[in-house]
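For reference, the structure discussed in these notes is given below.
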Amino acid sequence: MVDQSRIDLFAEATGDTQWIHVDAVRASDGPFGTTIAHGFLTLSLLPYLMRQTYQIDGEKHAVNYGLDRVRFPHPVRSGESVRAEVTLSSVEIKGTAAQVKFSTVIEIQDRPKPACVAESLILYFFE
């Protein structure tokens, strides 16, 4: 659930306090009828959502290596729920590490378009 409290905290943390995110009264007359989550807030949910979809056994630690492609086809309105569909795209062995590419679609409950489509890279270290 992406509620207004989460949106407000993200706005405060990032300094992005644009009215479409934090002003419910003004946003009610805006293009989406309510406040919406920041695209980067939706993107920041990747680790949390991905962690629920797969398990890597034997790694000592992992680091976020970056993103290859990110798009935000549809905004997440305050109060909407999201979930992730994660696909393993590739694995490249690099010594004692594995660079793994995931393609993730963050879907919005009861919406035909996804909130976010992203290709992310994670390095898993095994020694």
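Remarks
- Each of PHE10, ILE122, GLY33 was scored by the projection of its Cα onto the charge dipole of the chain, and the greatest displacement toward the positive side belongs to ILE122; charges sit on the C-beta of Lys, Arg, Asp and Glu.
- Once Rg and the Kirkwood radius are both taken over the C-alpha atoms of region 10-104, their ratio Rg/Rh works out to 1.08.
- Among the chymotrypsin sites (Phe, Trp or Tyr not before Pro) in region 1-80, those located in a DSSP loop and surrounded by at most 12 other Cβ atoms within 10 Å of their own Cβ are TYR54.
- Rounded to 10°, Cα long-axis angle of helix 4-14 versus longest principal axis of the chain: 70 degrees
- Placing R0 at 41 angstrom, the Cβ-Cβ distance between LEU88 and ILE20 gives a FRET efficiency of 0.75 after rounding to 0.05.
- For region 28-127, applying the loop criterion from DSSP together with a ceiling of 15 other beta carbons within 10 Å to the trypsin sites (Lys or Arg not before Pro) yields LYS60.
- Heavy-atom accessible surface of the chain: percent carbon and sulfur, 1.4 Å: 50 percent
- 14 Å Cα-Cα reach of LYS60 towards aspartates and glutamates, excluding residues that sit fewer than 8 places from it in its own chain: GLU127
- Converting phi to 3J(HN,Hα) with the Karplus coefficients 6.51, -1.76 and 1.60 and the offset θ = phi - 60°, region 76-89 yields 8, 6, 3, x, 8, 9, 10, 8, 10, 10, 10, 10, 6, 8 Hz in sequence order, with x at every glycine or proline.
- Expressed in Å, the radius of gyration and Dmax of the Cα atoms of region 1-66 are 15.7, 52.
- Site pair SER5 and LYS101 shows an inter-label distance of 3.9 nm when each label is modelled 7 Å from Cα along Cα→Cβ.
- Rolling a 1.4 Å probe across the protein heavy atoms gives region 77-127 an accessible surface of 53 Å² per residue.
The values are calculated or read from the model by the stated rules, or taken from the named source; none is laboratory data. These numbers come from a predicted model, not from an experiment. Every residue, glycine among them, receives a Cβ derived from its backbone with ideal geometry; neighbour counts consider all protein chains shown. The area values use the complete protein model at the heavy-atom level, side chains included, leaving out ligands, DNA and RNA. Shrake-Rupley method; radii C 1.70, N 1.55, O 1.52, S 1.80 Å.
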